[in-house]
Every structure is written in C-alpha cells, then in structure tokens.
1. For region 24-38, enumerate the residues that are more than 10 Å from residue 97 (Cα to Cα) and surrounded by 18 or more Cβ atoms within 10 Å (Cβ to Cβ).
2. For region 71-80, state whether one or more residues are free of Cβ contacts under 8 Å to residues at least 12 places away in the same chain, surrounded by fewer than 11 Cβ atoms within 10 Å (Cβ to Cβ) and more than 15 Å from the chain's Cα centre (by Cα).
C-alpha cells in the first residue's frame, strides 16, 4: 500500500509552524526532512520517526513499527493531531540528528 497525497498534506500542515520542512517522494511513500536532515517518513499513511533520544524521551510508550519489509524499526507517531507537540518533537529531533554527508561529485 502507498501513502496518499492527502495524508502528506495533513502532516505538512501540522508541521507548518517549523521552517525548512521538505519532503521527497520515494516509491509511493514520502521522506521528511527538517533543515536538510532526514527525521522520518510517511509509510502507508503512518508517520514514522527515527528513534533518536528526543523521540524516545517524549514518547515513552510509543510503538515501534517497520516502514517496509527489511527496514529498521521506527517510532510510530500516533498523536499527529497535536500540532504543538509534533512541532516541538521534530524541532528537538533536528537538533540531535547529524548533518547529512555531502555527496561527492565525480571530477572529469
């Protein structure tokens, strides 16, 4: 099953209080970025987050789920209706996530 554009738009609206939120479509699903850092994704109309300490601290009883077969477990964000909590959580995550590695370009 793939994610719907409507669910993506809902999540983006919930995160509209943050700056520099982007998404990239990936095989029917969507990867989510904050300031260029991958923090989670939308898989089968579920918001799944990387299990960084900020998430584990704020969501003590959260369920872990696999986004797709063979992938590492991620934290299921069940309270996506709480805009303020979601924005604070993603902001805290963004502080903890590493800066993405620069892709090397081939020189000719």
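Here, each number is a calculation from the coordinates, and none is a lab measurement. As the structure is a computational prediction, the values presented were derived from the model and not from experiment. As a convention, Cβ positions derive from the backbone with ideal geometry for all residues, glycine included, and neighbour counts pool all protein chains shown.
1. 29, 30, 32, 33, listed by residue number.
2. At the first step, the residues of region 71-80 found to be free of Cβ contacts under 8 Å to residues at least 12 places away in the same chain are 71-72, 79.
Filter again for surrounded by fewer than 11 Cβ atoms within 10 Å (Cβ to Cβ), leaving 72.
Subsequent filtering for residues that are more than 15 Å from the chain's Cα centre (by Cα) retains none.
Looking for residues that are free of Cβ contacts under 8 Å to residues at least 12 places away in the same chain, surrounded by fewer than 11 Cβ atoms within 10 Å (Cβ to Cβ) and more than 15 Å from the chain's Cα centre (by Cα), one finds none in region 71-80, hence no.
Residues checked against (1) touching a residue at least 24 places away in the same chain (Cβ under 8 Å); (2) more than 22 Å from residue 79 (Cβ to Cβ); (3) in a loop (DSSP other than H, G, I, E, B); (4) touching a helix residue (DSSP H, G or I) at 6+ places or on another chain (Cβ under 6 Å):
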| site | (1), (2), (3), (4) |
| --- | --- |
| 3 | yes, no, yes, no |
| 7 | yes, no, no, no |
| 12 | no, no, no, no |
| 17 | yes, no, yes, yes |
| 33 | no, no, no, no |
| 42 | yes, no, no, yes |
